[in-house]
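The values are calculated or read from the model by the stated rules, or taken from the named source; none is laboratory data. In this text, all values refer to a predicted model and were calculated from it rather than measured experimentally. All Cβ positions, even for glycine, are placed from backbone atoms using ideal geometry, and neighbour counts span all protein chains on display. Each accessible area value is taken on the protein alone, full model and side chains, heavy atoms only, with ligands, DNA and RNA left out. Shrake-Rupley method; radii C 1.70, N 1.55, O 1.52, S 1.80 Å.
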There are 2 protein chains.
Amino acid sequence: VMATAGGGGPPEHVSSQVCALHTDLYQVTMALAYFLDGRHETDACFELFFRRHPFGGEFTLLAGVSEAVRFIETFRFTAGDLAYLRAEPALRHAPAAFFAWLGALDTSRVTVHAMREGSVAMPRCPLLRIAGPIATVQLLETQLLNLVNYASLVCTNAARFTLAAGPGKELLEFGLRRAQGPDGALSASRYSYLGGFSASSNVLAGRLFGIPIRGTHAHSFVTSYGDVGEVANVTVPVGPHGSRLGAEGSPVNLRDRALHHIAAMGLEARTNAGELAAFISYAAAFPDGFLTLIDTYDTLHSGVPNFLAVALALRDAGRRAVGVRLDSGDLAYLSREVRRRFREVAAREREPWISDLTIVASNDIDVPTLLSLASQGHAIDAYGIGTHLVTCREQPALGGVFKLVEAGGTARIKLSQDMDKMTLPGRKAAYRLYIASGEPVLDLLTPDDEAPPRPGESVLCRHPFDEAKQVIVVASRVEPLLACVFASGRAVPGVHAPLAEMRAFAMSQLALFREDHLRFLNPTPYKTSVSPKMYAKIRDVWRREAQIAEIR
Amino acid sequence: VMATAGGGGPPEHVSSQVCALHTDLYQVTMALAYFLDGRHETDACFELFFRRHPFGGEFTLLAGVSEAVRFIETFRFTAGDLAYLRAEPALRHAPAAFFAWLGALDTSRVTVHAMREGSVAMPRCPLLRIAGPIATVQLLETQLLNLVNYASLVCTNAARFTLAAGPGKELLEFGLRRAQGPDGALSASRYSYLGGFSASSNVLAGRLFGIPIRGTHAHSFVTSYGDVGEVANVTVPVGPHGSRLGAEGSPVNLRDRALHHIAAMGLEARTNAGELAAFISYAAAFPDGFLTLIDTYDTLHSGVPNFLAVALALRDAGRRAVGVRLDSGDLAYLSREVRRRFREVAAREREPWISDLTIVASNDIDVPTLLSLASQGHAIDAYGIGTHLVTCREQPALGGVFKLVEAGGTARIKLSQDMDKMTLPGRKAAYRLYIASGEPVLDLLTPDDEAPPRPGESVLCRHPFDEAKQVIVVASRVEPLLACVFASGRAVPGVHAPLAEMRAFAMSQLALFREDHLRFLNPTPYKTSVSPKMYAKIRDVWRREAQIAEIR
């Protein structure tokens, strides 16, 4: 079921829960009704799209396409699935021929077009367009929504955290313990990385997807030590920067050196002894990866001096410490204070690199916290982000939907008292129009059989519902947004690109869009328009289906 | 990897993502530091608890214990895991003996105590208490938090929805498409059922956990039909209530009868013909399970008359329709209007059962919506709830933590500037004290080696931090809250009870607690107190570890 990413190849993982039976029961009852009515093989086309960007923003990063296609590739009901369905009360009266049909069902007659994974996607534009026998495609709906909705949501959230942290900051995903079960956590790790995070704490995500992993120690490691006398492993061999002590070459006793430096600071027996012990133990185990959590007892009065004493002990052994993590308190103030102490020690010891030790901050960080930290001034280099990233607290679901747009060759619509919930009928093509500066200006939906707009020509672009809103665009470049990703039972090469490649594409997509579309406060909407033919088609189908209410 | 629930037995499912490697990297780096320091086998005790109830409430239902114990039972690193870890840059310098130790590691020396799954749980009280070699237990932390946090959160959320809907209403979980990936959805289905939901739309959850499943059709089923002439499957044999037509025994043509009833209502060609076709097709496929979505085009002017015409056609065939689902609009108003029309037709046709047809409501329902519906008056019998249930939008994470309370026989504490984040040191026992009415009055934490409080005796119960707050309780019953669930490598019988049994226990737990603890507005807090011995121990350890800050 699981395969390793290995060699920079594509992420291979499809969890054991991604399977044909993982669907809403109504897909199966509809399939039975279609089957009994003899229309289960009717040609149909469905589109997966969302109506509004999440988080009050004006962009969404599409994610989950590769996983969705893997699901379609492997879609089959097992004998056990069929036995379960046969026993289900709602289906007990279904004929044997229906279960035989279900058992033989595959996706060899399904064709899928999709936007590229990592694309900036806009409302109402098809993210996936799935054509095939109506009952078969209907049976794909729920799992496809499940795979695309959360993936795109958390990927977009990750991009927003990255933008809020600002350039040059590193973001680390720490969400495993707060995600919706194990697979929620893996999805969070995978798609946060796609959205711009640098690494994850999740070891399994590292193994499965080739994501860089990070981690040092918890508070419990610190509290497990009571006194410096408890540390057994205290010596390290001299490292790359050479010993500062007389006996060149012989291992350095970190405990002796740390106690020496604590005494030199005038803090002998004034910092927490268990914490100092834990730091010595950790430094002995990771002499070139010494990064410690400094807030277990008291950040500035115990954590920082204990860290610096051990960092200097490592320095004596020709090693350079990495840094500290703050996990509570006022992160702006504490990070500045910690940096100030680093600078003091760097100056006193004539070790300028100490000034630049890494400060990682964690503890319930959300986008407003990042924006506020940036406005206050701080000295943080990296953020560890868990709960708010993986739960997408600001908006925990993307409202992606899967709608029938064509059946038996006829365009279909779903009306609604809420105009926003009306669907755009018919199988559609989608294009992104760019102007000479290289900037995309709008996405255009047309009937699939309409000729694509051409660069250099005037293209009338209309709002799908509001008659008054139209604009003429002369595009310097026209990019078709949908490409075939699955046909004749096979994925098209390229859809399962390596995750790092998809990530680079996502970052290049964000770079294309104007800053005012991406900003946090009152972002400028980017338009999704329709061609005049599409506009006329909407009205035709609408008139055909709408009832005129009669009020008495 | 997956097993079927089968025969009312325990839910067997542990997903393929529940495994030793699914942890934060820092658990492995800490293990290495402990290993190199020779203290990896030190006896330690950790407690898993939360600090605050979710959703602004005053109760939490504990869930995930059975899955957590399954994880502990099967905990092993595989050869592939070890190969991955050996290649990880942070661990590349670790000695071969470390990986050999990891490869041989199991949980045979780990002992777990837990509260019973489905219990009402209170802040700071250990939900799980895990004792064993420090590095081993530390390696369990992340996956345990992942399994218990979301399970308890969504179970509690489900219970809140159930309470808000009020007695006699049925709640259906429809969250698969909006959950955090496939396993998030399965967890949501499993633990919503535990928290009081009746059924789920999720077929795989039905198969794996034995949860009842529900579903009828989507809007796409309706929009896929254009006209009544398209329906091929239109006849149903006469059912249990006997034919209303002359020719007793011969199958009834639902299309003819539905068109007859539409005409009798004076609505010929006034309702949407595709919708009527879809309803006829669905009724022919499910003559005894006819429940349709009535808002595709226009709820009152098309959906309701079309439904009633087909319901009457089914009645002509001796069948009784089930009801309708509303998925948009003003649910209070529409449900009352639909009920009024049901009553009118029931009276006119002298079919009183039509008055009582089921009205299911869905569409972005949250707890405030349910409370508002109840205050407005409505005619809804059942709710389909998705997004807000599974994402727990009101609070998408339970802050469950896993803290070291004892190492090498010494009680441990984590201090914090935030009093709320201080841990209670030492291995603890927990008791629930009941008064004569049968009502629980408080939970009491004591050192594990203190004699349990006895019924009929005065027990002094103190606030853990606030010296002024204390109360004397004379309990009529004392219930120990923690029981051994795993020891010597085996789960204790009973921990993997059937889900339906756990659900019944959860419901009985909610029934025990006073209504004012469970209510939505300003619920009364229920106390977690400590014994005087526990109180003294907290202060001893606190004094031992705290630094006295010096301000210059």
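Does A:VAL405 satisfy the criteria of being at pLDDT 95 or above and either open to solvent by 10 Å² or more (accessible area, probe 1.4 Å) or outside any strand (DSSP E or B) (or both)? Against the criterion (at pLDDT 95 or above and either open to solvent by 10 Å² or more (accessible area, probe 1.4 Å) or outside any strand (DSSP E or B) (or both)), A:VAL405 does not qualify.
Residue by residue through the stretch B:169-179, note down the ones that are open to solvent by 10 Å² or more (accessible area, probe 1.4 Å) and at pLDDT below 95. Across the stretch B:169-179, the qualifying residues are B:ARG177, B:ARG178.
Being under 15 Å from the mean Cα position of the chain (by Cα), among the hydrophobic types (A, V, I, L, M, F, W, C) and either open to solvent by less than 20 Å² (accessible area, probe 1.4 Å) or within 12 Å of chain B (Cβ to nearest Cβ) (or both) holds for only one residue in A:LEU186, A:LEU208, A:LEU276, A:LEU204, and it is A:LEU186.
For B:GLY196, the conditions (1) in contact with a helix residue (DSSP H, G or I) (Cβ under 7 Å, 6 or more places away or on another chain); (2) at pLDDT 95 or above; (3) buried (at least 24 other Cβ atoms within 10 Å of the Cβ) all hold with the exception of (3).
Quick grid of which residues meet (1) surrounded by 20 or more Cβ atoms within 10 Å (Cβ to Cβ); (2) under 24 Å from A:PHE197 (Cα atoms); (3) within 14 Å of chain B (Cβ to nearest Cβ):
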residue: A:GLY56; (1), (2), (3): no, yes, no
residue: A:GLU67; (1), (2), (3): yes, yes, yes
residue: A:GLU73; (1), (2), (3): no, no, no
residue: A:PHE77; (1), (2), (3): yes, no, yes
residue: A:GLY80; (1), (2), (3): no, no, yes
residue: A:ALA83; (1), (2), (3): no, no, yes
residue: A:PRO89; (1), (2), (3): no, no, yes
residue: A:ALA94; (1), (2), (3): yes, no, yes
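Applying the condition of being touching a Gly at 6+ places or on another chain (Cβ under 8 Å) and surrounded by fewer than 23 Cβ atoms within 10 Å (Cβ to Cβ) to the stretch B:370-393 and asking which residue is farthest from the other protein chains (Cβ to nearest Cβ) yields B:ALA374.
On the stretch given as the stretch B:98-122, residues that are open to solvent by 30 Å² or more (accessible area, probe 1.4 Å) and either without any contact (Cβ under 8 Å) to a residue 40 or more places away in the chain or under 21 Å from the mean Cα position of the chain (by Cα) (or both) total 4. Contact map, the stretch A:488-499: first residue closer than 12 Å to A:ILE72 by Cβ and touching a residue at least 40 places away in the same chain (Cβ under 8 Å), second residue acidic (Asp, Glu) and surrounded by 16 or more Cβ atoms within 10 Å (Cβ to Cβ), Cβ cut-off under 8 Å, separation 6 or more or different chains; pairs are A:GLY489/A:GLU73; A:ARG490/A:GLU73; A:ALA491/A:GLU73; A:VAL495/A:GLU117. Checking the structure you have, find out if any residue of the stretch B:165-177 is assigned to a loop (DSSP other than H, G, I, E, B), within 14 Å of chain A (Cβ to nearest Cβ) and under 28 Å from B:THR369 (Cα atoms). Yes, there is a match, as at least one residue in the stretch B:165-177 is assigned to a loop (DSSP other than H, G, I, E, B), within 14 Å of chain A (Cβ to nearest Cβ) and under 28 Å from B:THR369 (Cα atoms).
Candidates B:ALA468, B:ALA451: the one that is free of Cβ contacts under 8 Å to residues at least 40 places away in the same chain, more than 26 Å from B:VAL112 (Cα to Cα) and surrounded by fewer than 13 Cβ atoms within 10 Å (Cβ to Cβ) is B:ALA468. Per the listing B:LEU62, B:LEU32, the residue uniquely away from every other protein chain (no Cβ under 12 Å) and buried (at least 23 other Cβ atoms within 10 Å of the Cβ) is B:LEU62. Checked against (1) under 22 Å from B:ALA321 (Cβ atoms); (2) modelled with pLDDT under 95; (3) in a helix (DSSP H, G or I), B:SER187 passes all but a single condition, namely (1). Just a yes or no: is a residue in the stretch A:360-374 at pLDDT below 95 and assigned to a helix (DSSP H, G or I)? Checking the stretch A:360-374: at least one residue is at pLDDT below 95 and assigned to a helix (DSSP H, G or I).
Only residues that are open to solvent by 60 Å² or more (accessible area, probe 1.4 Å) and either of a type outside the set (Lys, Arg) or within 12 Å of another protein chain (Cβ to nearest Cβ) (or both) were counted in the stretch A:230-254, giving 10.
Within the stretch A:286-311, restricting attention to residues that are over 31 Å from the mean Cα position of the chain (by Cα) and small (Gly, Ala, Ser), the residue that is nearest to the other protein chains (Cβ to nearest Cβ) is A:SER302.
Within the option set A:ALA283, A:ALA258, being among the aliphatic types (A, V, I, L, M), within 11 Å of chain B (Cβ to nearest Cβ) and either open to solvent by less than 10 Å² (accessible area, probe 1.4 Å) or more than 42 Å from the chain's Cα centre (by Cα) (or both) holds for one residue only, A:ALA283.
A:ALA277 meets the conditions (1) in contact with a Phe, Trp or Tyr (Cβ under 8 Å, 6 or more places away or on another chain); (2) assigned to a loop (DSSP other than H, G, I, E, B) in every case but one. The failed one is (2). When the stretch B:123-157 is filtered for residues that are open to solvent by less than 10 Å² (accessible area, probe 1.4 Å), under 22 Å from A:GLY181 (Cα atoms) and not in a helix (DSSP H, G or I), the ones remaining, listed by number, are B:PRO126, B:LEU127, B:LEU128, B:ILE130.
Whenever a residue of the stretch B:519-534 is among the small types (Gly, Ala, Ser), its partners that are in a loop (DSSP other than H, G, I, E, B), lying with C-beta atoms within less than 8 angstrom and at least six residues away or across chains, give the pairs B:SER529/B:HIS463; B:SER529/B:PRO464; B:SER531/B:GLU450; B:SER531/B:PRO453. Looking only at residues in the stretch A:15-60 that are under 18 Å from B:ARG177 (Cβ atoms) and of a type in the set (Val, Ile, Thr), the one that is modelled with the lowest pLDDT is A:VAL18. When B:ALA264 is tested against (1) surrounded by 16 or more Cβ atoms within 10 Å (Cβ to Cβ); (2) more than 14 Å from every other protein chain (Cβ to nearest Cβ), exactly one condition is not met: (1).
Contact map, the stretch B:405-424: first residue in contact (Cβ under 8 Å) with a residue 24 or more places away in the chain, second residue open to solvent by 20 Å² or more (accessible area, probe 1.4 Å) and aromatic (Phe, Trp, Tyr), Cβ cut-off under 8 Å, separation 6 or more or different chains; pairs are B:ILE413/B:TRP542; B:LEU415/B:TRP542; B:MET419/B:PHE465; B:MET422/B:PHE465; B:MET422/B:TRP542. Regarding the stretch A:222-229, can at least one residue be identified that is open to solvent by less than 10 Å² (accessible area, probe 1.4 Å) and at the interface with chain B (Cβ under 7 Å from one of its Cβ atoms)? Checked the stretch A:222-229: at least one residue is open to solvent by less than 10 Å² (accessible area, probe 1.4 Å) and at the interface with chain B (Cβ under 7 Å from one of its Cβ atoms). Whether a residue is β-branched (Val, Ile, Thr), under 31 Å from the mean Cα position of the chain (by Cα) and surrounded by 15 or more Cβ atoms within 10 Å (Cβ to Cβ) was assessed, and A:ILE365 passes this test.
Against the condition in a helix (DSSP H, G or I) and modelled with pLDDT under 95, how does B:PRO182 come out, does it pass? Yes; evaluated as a whole, the condition is true for this residue. Considering (1) touching a helix residue (DSSP H, G or I) at 6+ places or on another chain (Cβ under 6 Å); (2) of a type outside the set (Val, Ile, Thr); (3) open to solvent by less than 10 Å² (accessible area, probe 1.4 Å), the lone condition that A:MET422 does not fulfil carries the number (1).
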